[in-house]
Each structure stands twice: as C-alpha cells, then as structure tokens.
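Below you'll find the structure, written out as structure tokens, and then a few comments.
The values are calculated or read from the model by the stated rules, or taken from the named source; none is laboratory data. Just so it is clear, the model here is predicted, and its values are computed rather than measured. Methodologically, a virtual Cβ is constructed for each residue, glycine included, from the backbone with ideal geometry; neighbour enumeration extends over all protein chains shown.
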Amino acid sequence: MDRRTFLKNSAALGLTGIAANVPFAQSLAESNADGKRIDMETVTHEFRFRNGKFKIMQITDTHYIAGDARSKRSYDAVTEIIESERPDFLIHTGDIISDGNPSHKIDAISSMKEILSVASDHQVPFAVALGNHDGQFGVSRHDIFEEIKKLPYNINRGIEGIYGDSNDIITLVPEKGGVPKWAFYLFDSGDSTSLKNIGGWSYDYVHFDQIGWYRQWSERLRKMNGNVPVPALAFMHIPVPEYIDSLHDGEGHFHRLMKGNLGEEPCPPYINSGLFTSMKEMDDVKALVCGHDHDNDYAMKWKEMFLLFGRFSGGDTVYNHLKPNGARIFEFTEDNTTFRSWIHEKGGNITQNLVFPDSFKFE
C-alpha cells in the first residue's frame with residue numbers, strides 16, 4: 001500500500017491514533033516485555049559547545065539510488081549545504097535510500113554509502129534514525145544499520161534490549177565540560193506494524209520499551225542537573241499521531257501557531273503509544289523533529305510543544321513538490337535556553353529563520 005492510499009483510508013476511518021492505556025511505570029523496568037535487558041550502562045556520545053555555539057544539520061528523505069541521475073540533486077544539495085553551514089553534527093532522519101517501491105531492485109548498501117559519505121568526506125560526525133523504506137530493498141534494517149555504523153564519522157551505537165535498531169541519545173555539554181545543557185534523542189520509528197484489527201495497514205510506532213528507555217535517560221539527566229529537566233530535542237522518521245491531532249484540534253486556533261509549508265496531511269501510524277504524552281510528563285523535550293512527509297517543512301507550536309518537519313533533501317526518485325530541496329539547521333548557544341532553526345535551500349536561500357520559543361508568541 002502506498003502512503004497516499006494509507007492517508008485516504010485513515011481519513012475515511014477517522015483514525016488519527018488508537019490510544020494505548022498502559023501504565024508507564026511498567027515501562028520503567030530495566031527489562032523489556034521479552035525479558036531482554038535494556039542497555040542503560042552505555043555512556044552517551046558527548047559533544048561540546050565550540051566558541052559558545054553548536055550547529056546541527058538535519059537532512060531527510062534523500063531516497064538515494066547510486067548511479068541514478070534522479071538522485072544527483074540530492075547529493076549536490078547535501079554537499080553544498082554542508083560546505084556552507086559547516087555543521088558540528090548531522091542527523092539523517094530516515095528513508096536514506098529507495099524510490100519508494102520495494103518491488104524495484106536497487107543496491108541498498110552502495111546507495112546508503114554514497115549519500116552518507118558526503119558527511120564522512122567532510123569530516124562531519126553524523127547519526128541516522130532509520131526510515132520505513134530503509135530495510136525494504138534486499139537488506140534488512142538491522143544489517144543496513146550495522147553497515148552504517150562502520151562508516152567514518154558515524155556515531156550511531158544502537159541500544160540493546162529495546163525495539164528497533166537506530167535508537168540513541170547524544171548529549172551536548174559546556175565547552176569546559178560538565179552537566180549536559182541539551183540532549184538529543186533518536187527514535188527508530190520502524191516500518192509497518194503487524195498488529196491486527198486496528199483499522200487496516202499502518203505504519204509502525206515507537207514502542208513501549210523505547211519510551212521506557214527514554215524516560216529512564218530523562219530521569220537520569222534530571223538528577224544530574226539538580227532535579228531540573230535537561231532540555232532535549234527528539235528526532236525520528238515517522239511523525240507521531242499528534243501531528244494530525246494538532247491540525248484537527250477544534251480549539252487549535254487558540255493555542256496553535258505554524259510557520260512554514262504544510263503541503264500534505266501528515267502520515268503517522270494508527271497507533272498512539274503515548275510518546276508525546278510521556279514527553280509532556282518528563283517536561284524535557286522541547287521539539288519533535290520528523291521527516292517522512294516530503295511536502296511539509298513546517299514548525300508548529302501546539303500545547304507548548306514544537307512539532308517540526310525537516311526539509312526534503314532528496315532528488316526525483318520519489319514524489320516531492322517542495323523545491324528546491326534542502327536541509328533544516330539548528331543552532332544552540334551555550335548561555336541560552338532558546339535555540340534557532342532555519343531552512344537552508346539548495347542555492348543558498350534561507351527561510352523560516354526562527355527562534356524557539358520567541359518566534360511563536362500569540363498576539
């Protein structure tokens with residue numbers, strides 16, 4: 001089933017998320033439902049501010065195919081923007097490869113290596129949060145992730161004992177070291193779910209053990225920070241159901257502000273596993289950042305949380321109407337609790353030059 005058929009069926013059924021009422025205390029156990037121990041011992045990958053600044057470049061949905069001329073503008077855009085922005089860290093939020101049709105044969109490993117090597121060749125540390133298409137072309141999600149980890153400058157580790165491969169946490173500490181100023185969570189949002197009787201085929205969702213792992217790290221960082229939550233951003237491929245809920249909230253115009261392009265209805269899973277609610281409870285994640293929906297690049301404030309899309313970074317192997325392609329940039333300042341973000345388009349044009357939360361004030 002293609003994404004547009006899925007979206008049409010979702011609207012017809014009125015399903016934007018099936019809430020799951022599971023006590024989160026259950027998720028906080030150090031073993032998941034299968035009895036596998038969750039890896040909480042791994043030290044986070046730690047970055048430091050440099051001259052008081054730190055910059056992240058997010059690319060998404062490159063849908064790259066090695067040797068295919070339709071991918072050239074993806075390679076060119078990523079190269080151009082890296083050389084212009086000189087980021088400290090790059091995050092790819094999935095659908096690294098593919099033309100969106102699993103029946104087509106492509107060289108998954110060569111395609112992945114060719115587009116991610118742009119970061120390696122420019123000596124930019126990078127990490128990925130896998131997309132739903134990344135394991136559909138003759139190589140499993142696990143195996144392609146293992147190949148990604150071998151690339152120069154890749155910092156992905158993966159977390160043992162929880163669902164998915166590309167879950168991770170990265171921290172940003174002061175230039176002289178110390179307690180983290182920011183945390184960056186990567187969630188593996190999967191491919192599709194095998195759950196039955198949920199209204200039809202559905203994209204996968206962030207599972208309870210992943211949420212439990214996040215909550216444990218959030219609590220650990222809070223304790224390190226004198227019982228104050230460490231602010232965080234969360235990156236994943238597939239948006240959570242609240243991306244739809246925020247658009248169809250009947251009272252939304254009273255507490256919703258949007259900047260940027262809404263070119264298509266967001267396409268989350270049917271299942272709402274409670275990640276957004278958990279982040280509200282932990283009071284640390286300031287923004288969720290996704291890919292997946294190629295014609296969206298907006299930033300929205302809803303219920304005092306920011307819901308963002310990256311800018312489509314691909315070429316012409318899949319549908320896209322946001323042209324030119326580009327990337328979303330994030331900039332953090334050591335002595336400031338706010339952050340900036342903007343869209344850098346291929347060709348150099350800058351849009352959505354925003355300060356979070358200052359650019360989102362109700363009149």
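With respect to ASN227, is the statement that it is exposed (fewer than 14 other Cβ atoms within 10 Å of the Cβ) and modelled with pLDDT under 95 true?
Against the criterion (exposed (fewer than 14 other Cβ atoms within 10 Å of the Cβ) and modelled with pLDDT under 95), ASN227 does not qualify.
Regarding segment 149-159, can at least one residue be identified that is charged (D, E, K, R), in contact with a helix residue (DSSP H, G or I) (Cβ under 8 Å, 6 or more places away or on another chain), more than 21 Å from GLY314 (Cβ to Cβ) and surrounded by fewer than 22 Cβ atoms within 10 Å (Cβ to Cβ)?
There is at least one residue in segment 149-159 that is charged (D, E, K, R), in contact with a helix residue (DSSP H, G or I) (Cβ under 8 Å, 6 or more places away or on another chain), more than 21 Å from GLY314 (Cβ to Cβ) and surrounded by fewer than 22 Cβ atoms within 10 Å (Cβ to Cβ).
So is TRP342 of a type in the set (Phe, Trp, Tyr), at pLDDT below 95, more than 25 Å from ASP68 (Cβ to Cβ) and over 15 Å from the mean Cα position of the chain (by Cα) or not?
Working: of a type in the set (Phe, Trp, Tyr): yes; at pLDDT below 95: no; more than 25 Å from ASP68 (Cβ to Cβ): yes; over 15 Å from the mean Cα position of the chain (by Cα): yes.
No.
When the residues of segment 65-98 are filtered to those that are more than 20 Å from the chain's Cα centre (by Cα) and buried (at least 21 other Cβ atoms within 10 Å of the Cβ), which remaining residue is farthest from HIS294 (Cα to Cα)?
Of everything passing the filter in segment 65-98, ILE65 is farthest from HIS294 (Cα to Cα).
Restricting attention to segment 299-339, which residues are under 13 Å from MET57 (Cβ atoms), of a type in the set (Lys, Arg) and not in a loop (DSSP other than H, G, I, E, B)?
Residue satisfying the conditions is ARG328 alone.
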